[in-house]
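Visitor: Sharing a structure, written as structure tokens. Questions coming.
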Amino acid sequence: MPEQSATAHAALWISTLLQQFPELSAELAPGRASAVHRPAAPPPADLAGRLREERAEALLMQQRHGLAVPGHSAAPLRLHISDTIRDITDGVTELEEAVRDRLGLPRVRRAPVAERLRRIAALLDGIAADPVLAAHVRDETRRMARRCARALGDTETVVRVSGRCPWCDSVSLRAFPDRGAVLCVNPACRCTDPLCGCHDDPAYRHTWAEGEWERASATGEAGR
């Protein structure tokens, strides 16, 4: 069913967030190495100007909220990381509350992001019964996972898949091992499922979970 496909995709994005969100705190702490030991990226051309802007924003935060401003010897605030942490924390909280409200479930105690994500994952079977909710959960978890990856500077591993896409007949199939999925990367590709995100989101691509693709390929039913 389409809504089951949406929740299967949501499960992949939740899994990605569970893996990557803790890395944001490590990236935020000055002087700490990344949890996955990423090679240092070359400094941007406008680094000096960006640092001045970050220090000015830090000063404004101190004036408004009493937050300490780092001295000249301290590493500058990584505001894009802190903004991402706040956005994902708020987003996961709002998503869990919306899910529980839609399913008629009582509110639950406050919890860290990882615990909230696991609680949402535990409700995916119930979410699958509501196509609108399933699509919303898929879209929100995808948005947050992508923002998290951008903040961490991740470049996802992509592997070409032989054969043609069953929907658009182009040689545009790619496997993404990190998320365990196969996608058609052709921007013009549209599947026949009217509830699939490829119809209403220009950034979305029709996706098969890896196991789903392997079974469908073996039986010749990938596009049905």
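Visitor: When only residues in region 99-114 that are of a type in the set (D, E, K, R) and within 16 Å of T7 (Cβ to Cβ) count, which is least open to solvent (accessible area, probe 1.4 Å)?
Guide: R100
Visitor: Search region 88-98 for residues being over 15 Å from P22 (Cα atoms) and in contact with a helix residue (DSSP H, G or I) (Cβ under 7 Å, 6 or more places away or on another chain), and hand back the single one that is surrounded by the most Cβ atoms within 10 Å (Cβ to Cβ).
Guide: So, considering only residues that are over 15 Å from P22 (Cα atoms) and in contact with a helix residue (DSSP H, G or I) (Cβ under 7 Å, 6 or more places away or on another chain), the one surrounded by the most Cβ atoms within 10 Å (Cβ to Cβ) is E96.
Visitor: Okay, next question. So V132 passes all but one of these: (1) within 22 Å of L95 (Cβ to Cβ); (2) of a type outside the set (K, R); (3) open to solvent by less than 70 Å² (accessible area, probe 1.4 Å). Which condition number does it fail?
Guide: The one condition V132 does not meet is (3).
Visitor: Which residues, counting only those in region 171-187, are open to solvent by less than 30 Å² (accessible area, probe 1.4 Å), assigned to a loop (DSSP other than H, G, I, E, B) and modelled with pLDDT of 80 or more?
Guide: S172
The values are calculated or read from the model by the stated rules, or taken from the named source; none is laboratory data. Only a predicted model underlies this, so the values are computations on that prediction, with no experimental measurement involved. Counting neighbours? That spans all protein chains shown, and the Cβs are built from the backbone with ideal geometry, glycine included. Protein only, heavy atoms only, side chains kept; ligands, DNA and RNA dropped before computing areas. Shrake-Rupley method; radii C 1.70, N 1.55, O 1.52, S 1.80 Å.
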